[in-house]
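The values are calculated or read from the model by the stated rules, or taken from the named source; none is laboratory data. Keep in mind it's a predicted model, so treat the numbers as computed, not measured. Quick reminder, even Gly has a Cβ in these numbers, built from the backbone with ideal geometry, and neighbours come from all protein chains shown.
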Amino acid sequence: MNTWVLPDDVRLSELLAFFEFDVTRAKAELGASIESGLPLEPVAGDFSGGQYYLCGDAGSGRPVLYASSEGQAGLIANNLREAVELVVGLPCWHDCLTFADFEPKPLTRTSHQDEAAQLLALKLPAQEVLLARLRAAVLRSTSGYVFRDETGEYEGL
């Protein structure tokens, strides 16, 4: 399986931090696990203390789980590449989960998004595609992806 990885680039790290996908904030929460027992690998954190995790063994199809600092968690993408496309291409993705009928206003791509996409060698999908992927991933957050840490079990996104 061809596994996509984030390039090791200082400017890219800065840009991803701007989109609240800060690779320097990747840390495992004490006692972090999911119901299925699959391994969790922290890949980034956000400004509020939320964490992004790859689920499963290296080399396998690894969905990305987001665990917020407010006690909510669930899948947000099929893999790391799609997660990065989401956070860069739809920076308001958190809001899309808060309100069931939330539809983001069409946004003009920013220079930050263009630069990040270029450094990642990605063509960012349309917002509608990103939103559909996000909603599908959240719906796949079955009982096997229930997240818990030392504070207890998190509720779904």
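Odds and ends about this structure:
- Hits in the stretch 1-42 (condition: surrounded by fewer than 17 Cβ atoms within 10 Å (Cβ to Cβ) and small (Gly, Ala, Ser)): Ala26, Ala28, Gly31, Ser33, Ser36, Gly37
- Selection within the stretch 23-42 - touching a residue at least 60 places away in the same chain (Cβ under 8 Å), part of a loop (DSSP other than H, G, I, E, B) and among the small types (Gly, Ala, Ser): Gly31, Ala32, Ser36
- The conditions of being within 20 Å of His112 (Cα to Cα), at pLDDT 95 or above and assigned to a loop (DSSP other than H, G, I, E, B) are met by Glu20.
- Of the residues examined, Leu65 is one that is touching a helix residue (DSSP H, G or I) at 6+ places or on another chain (Cβ under 7 Å) and closer than 16 Å to Tyr154 by Cβ.
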